[in-house]
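The values are calculated or read from the model by the stated rules, or taken from the named source; none is laboratory data. These numbers come from a predicted model, not from an experiment. Using ideal geometry, Cβ is built from the backbone for each residue, glycine included, and neighbour counts are taken over all protein chains shown. What goes into the accessible areas is simple: the full protein's heavy atoms, side chains included, and nothing from ligands, DNA or RNA. Shrake-Rupley method; radii C 1.70, N 1.55, O 1.52, S 1.80 Å.
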Amino acid sequence: MQGEEKNGQNVEQQAQNEKKPKAIGIWPSLFTLGLMIAVMLFTVAVLKKEPHIPLMIGTAVAIGVTMLHGYKFDDVEQMMYKGIRHALPAIVIIILVGLIIGSWIGSGVVATMIYYGLQLIDPRFFLAVVVLLCGIVALAIGSSWSTMATVGVASMGIGMSMGINPGMVAGAVISGSYFGDKMSPLSDTTNLASGLTKVDLFEHIKHMTYTTIPALVISLIAFFIIGMQYGNRNFDAKNIEKILSTMQNEFVISPWLLLIPLAVIVLVMFKVPAIPAICAGIILGFFAQIFVQGGSLTEALTALQTGYTMESGNKMVDELFNRGGLESMFYTISLTLVAMTFGGVLEYSGMLDSLISIILRWAKNTGSLLTSVILSCIGTNFTCSEQYISIIVPGRMYAQTFADKGLHPKNLSRALEDGGTLTSVFVPWNTCGVFIASTLGVGVMQYAPFAFLNFLVPIISIIFAYTGYKIVKLPKDKREGVKARKKKATLPNDTNLA
């Protein structure tokens with residue numbers, strides 16, 4: 001009986017061991033990521049096709065690798081669902097953005113912005129003005145996406161009407177929007193980075209000024225120089241007049257319509273959450289299309305569902321205004337869901353930890369440590385396709401290392417935003433890259449060279465890291481406290497104690 005009982009215990013123990021998944025090492029993780037990137041580059045760069053299928057192939061490979069290491073499919077399925085759950089807040093915003101674009105075009109809000117913008121803004125200063133305007137709005141409302149979907153869309157229309165390269169205009173919109181978002185106390189990413197690292201919100205924002213303000217100044221100078229070159233061109237004044245005349249024929253142009261975007265900004269400034277504030281903008285635009293523009297209820301609903309449509313006879317104007325609506329965001333939503341399934345498997349299977357551990361190996365000093373954080377954030381943006389994960393995962397992984405090295409956590413919080421928040425726009429399959437392409441109508445490869453602020457900030461941050469400029473150490477008493485806690489944690493395992 002005892003032998004049978006012992007055999008039964010051995011069988012049970014063996015079954016438990018078989019159920020326990022093995023840790024996924026560096027090489028399987030690199031294989032999974034490398035294959036996805038290779039397929040992605042071939043599909044997008046060579047075949048000029050969409051990134052959905054490469055991400056699905058990457059997900060299938062990640063699932064296979066994970067299951068080979070002992071995970072059940074039920075476990076993998078939960079990983080995918082967790083990844084998708086990360087994207088749900090973003091998907092809600094994406095849906096509302098499609099609605100607000102259709103609503104504001106149908107109501108004449110966008111037309112009014114473009115009309116007065118064409119009359120008031122000199123082409124020489126246009127790009128620099130866009131950076132400042134988007135920066136101010138994003139700073140006030142704490143959302144780069146909302147800024148790009150409203151002020152950004154209007155700016156694209158004005159710039160295209162002036163004959164300015166759309167990639168340059170989009171770069172200016174992105175630079176300004178992300179500056180304001182990053183520096184706003186209302187921003188979700190700003191609060192996330194400070195909260196994860198347990199740094200006071202305003203101390204975190206103040207510490208970011210050292211890397212962000214120089215990048216903004218350089219960006220403004222660059223856009224001013226580019227704008228001067230455009231200003232020296234001979235614009236076709238008759239073409240601008242035709243555009244203005246066409247808009248007057250198609251829409252009721254009134255400065256009173258500008259109260260609608262102003263109302264949204266005021267709501268957010270009074271700490272109304274972004275979703276209710278955007279909904280208020282959609283509703284105001286919906287009624288303005290009916291009562292100001294004279295549209296029917298059916299037309300207003302159609303603008304929300306499939307976007308605004310018109311046939312003015314002016315190709316430029318039609319391209320500017322035939323857009324928006326819920327259905328215009330289905331591409332973005334589908335790509336977000338596919339990307340987040342891949343990211344979910346990578347994160348929750350431990351493959352992402354293995355990939356980041358490669359970078360940790362050479363983080364021997366302060367410069368290399370901060371650089372490794374920034375590179376980890378960039379890598380997470382490429383692999384997990386979500387801005388929030390690029391802050392959360394490296395933030396969790398590096399927190400103890402910073403404490404051990406006596407570095408103030410606000411160095412980490414700044415690096416997370418410098419590397420995570422800003423570089424998400426450069427990944428075509430990241431939620432931010434997809435959103436910008438669908439909202440501004442410009443692909444990542446077109447605007448990336450002109451998103452000056454977004455690539456300057458990480459560079460400046462790395463330079464500061466190696467020079468030691470504005471790198472803050474923990475106070476001496478706190479450093480000693482960290483050492484004491486670390487020593488205490490090792491005492492129970494010290495076999496040399498008497």
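Quick notes
- Note on exposure: 182, 315, 72 ranked by accessible area (1.4 Å probe, complete protein assembly) read 315, 72, 182, with the most exposed listed first.
- Helical segments meeting 30 Å axial Cα length and Kyte-Doolittle -0.5 threshold in the chain (DSSP H): 73-107, 201-231
- Each residue of segment 143-151 was assigned a 3J(HN,Hα) from its phi angle through the Karplus expression (A = 6.51, B = -1.76, C = 1.60, θ = phi - 60°), giving 9, 5, 5, 5, 5, 5, 6, 10, 4 Hz with x at Gly and Pro.
- Sulfur and carbon atoms: percent of accessible area, the chain [1.4 Å]: 64 percent
- Mean silhouette area of the chain, derived from the convex hull of its C-alpha atoms and averaged over all directions, reads 30.3 nm².
- Local charge for residue 146 was computed over the other residues whose Cβ lies under 15 Å away, with Lys and Arg +1 and Asp and Glu -1, and equals 0.
- Taken per residue, the accessible surface of the chain reaches 45 Å², heavy atoms only and a 1.4 Å probe.
- A simple charge model with +1 on the Cβ of Lys and Arg, -1 on the Cβ of Asp and Glu and nothing else charged puts the dipole of the chain at about 1780 debye relative to its Cα centre.
- Using a probe of 1.4 Å on the protein chains alone, the accessible area found for residue 196 is around 60 Å².
- For segment 290-336, the gyration tensor built on C-alpha atoms gives an oblate shape. Its axis ratio a/c (a ≥ b ≥ c) is at least 1.5, and a/b is not larger than b/c.
- Note on residue 459 and residue 119: their simple-model spin labels are 4.0 nm apart, each label 7 Å out from Cα toward Cβ.
- Taking label points 7 Å from Cα along the Cα-to-Cβ direction, residue 228 and residue 52 give a separation of 4.7 nm.
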